[in-house]
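Remarks on the structure that follows.
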Amino acid sequence: GPFDAAYSNFGPLNCEPQLDQVARGLAELLPATAPFLCSVMNRVCAWEIAWGLARARPREGLRRLGRGWSSARMSAGPGEAASTMPVRYYTPGEFARAWAPYFRPEIILGYPVLIPPPYLAGRFPRAAERLAGLERRVRGWPGFRSLGDHFLMILRRTEARP
């Protein structure tokens, strides 16, 4: 370091037990006002809940709702057995609080919110094309941004020193 920005994609921060320490460490590497862009697995995934309940599998549909750690099944490559990892799901507000006082949220977008998440997209092949325009409009609305499979957050480094 120092770096001009930082990026984390597809939820590795959901596996980190000490987000406050990561925030502090990243704050040491970034100058004030630098952006940190991250995608985080959301606690509430409307599609996952609806799909689990529709198939009479409420445990599967509601698995993310707990506030503590849980085991998540991780997909594997062809011919490989899937594994499990400890994971904690966050709401956008919980995640933002873990990064304070070193970072403040600037943009929060849910994705996908109306479009099925990738693991369900094949079952609803026309949903993405039909809902894409509406998805772009609502994914940043309070309430809606908390319903996607993930949320994208751009945090901005504050002046607070670690």
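The values are calculated or read from the model by the stated rules, or taken from the named source; none is laboratory data. Computed from a predicted model, the values in this text were never measured in an experiment. All Cβ positions, glycine included, derive from the backbone under ideal geometry; neighbour counts span all protein chains shown. Remember, those area values only see protein heavy atoms, side chains included, never the ligands or the DNA or RNA. Shrake-Rupley method; radii C 1.70, N 1.55, O 1.52, S 1.80 Å.
With N denoting the number of residues in segment 1-107, provide Rg(C-alpha) divided by 2.2 N^0.38 Å, to two decimal places. Mind dumping the intermediate values first?
On the way: Rg = 16.2 Å, N = 107, 2.2 N^0.38 = 13.0 Å.
Cα-based Rg divided by the globular estimate yields 1.25.
What is the packing order of peptides 18-28, 41-51, 76-86, 90-100, taking the mean over residues of other C-beta atoms within 10 Å and listing the highest first?
Details: 18-28: 15.5, 41-51: 20.2, 76-86: 8.4, 90-100: 17.3.
Descending mean neighbour count gives 41-51, 90-100, 18-28, 76-86.
Give me the one-decimal nm value for the distance between modelled label points at Phe3 and Arg55, 7 Å along each residue's Cα-to-Cβ direction.
Spacing of the two 7 Å Cα→Cβ label points: 3.6 nm.
In terms of the Cα gyration tensor, with a ≥ b ≥ c the square roots of its eigenvalues, is segment 51-162 rounded because a/c is under 1.5, prolate because a/b exceeds b/c, or oblate?
oblate
Full-extension gain between Ala82 and Leu29, please, as 0.36 nm times their residue separation minus the C-alpha to C-alpha distance. Intermediate values should be presented prior to the final figure.
Numbers: separation 53, 0.36 × 53 = 19.08 nm, distance 3.51 nm.
Residue separation times 0.36 nm, minus the Cα-Cα distance, leaves 15.6 nm.
Please state the relative contact order of the chain as a whole percent: Cα pairs under 8 Å, 6+ residues apart?
In percent, rounded to a whole number, it is 33.
How much of the accessible area of segment 64-113, probe 1.4 Å, is carbon plus sulfur, in whole percent? Mind showing how you got there, number by number?
Working: 1620 of 2900 Å².
Solvent-exposed carbon and sulfur of segment 64-113 make up 56 percent of the total.
Once phi is turned into θ = phi - 60°, what whole-Hz ³J(HN,Hα) does the Karplus curve with 6.51, -1.76 and 1.60 give for every residue of segment 146-162, x standing for Gly and Pro?
9, 10, x, 4, 10, 10, 9, 10, 9, 9, 10, 5, 8, 7, 4, 9, x
Would you please give the FRET efficiency between Ala128 and Arg73, computed as 1/(1 + (r/R0)^6) with r the Cβ-Cβ distance and R0 = 25 Å, to the nearest 0.05? Present the calculation step by step, with values, prior to reporting the outcome.
Working: r = 24 Å, r/R0 = 0.96.
Here the calculated transfer efficiency is 0.55.
When you count, for each residue, the other Cβ atoms within 10 Å and take the mean per peptide, how do 138-146, 62-70 rank with the highest first?
Working: 138-146: 15.8, 62-70: 13.6.
By packing density, highest mean first, the sequence is 138-146, 62-70.
How large a share of the accessible area of segment 122-162, in percent, is made up of carbon and sulfur atoms when the probe is 1.4 Å and the other protein chains stay in place? The partial results should precede the final answer.
Numbers: 1350 of 2580 Å².
Here carbon and sulfur together make up 52 percent of the probe-accessible area.
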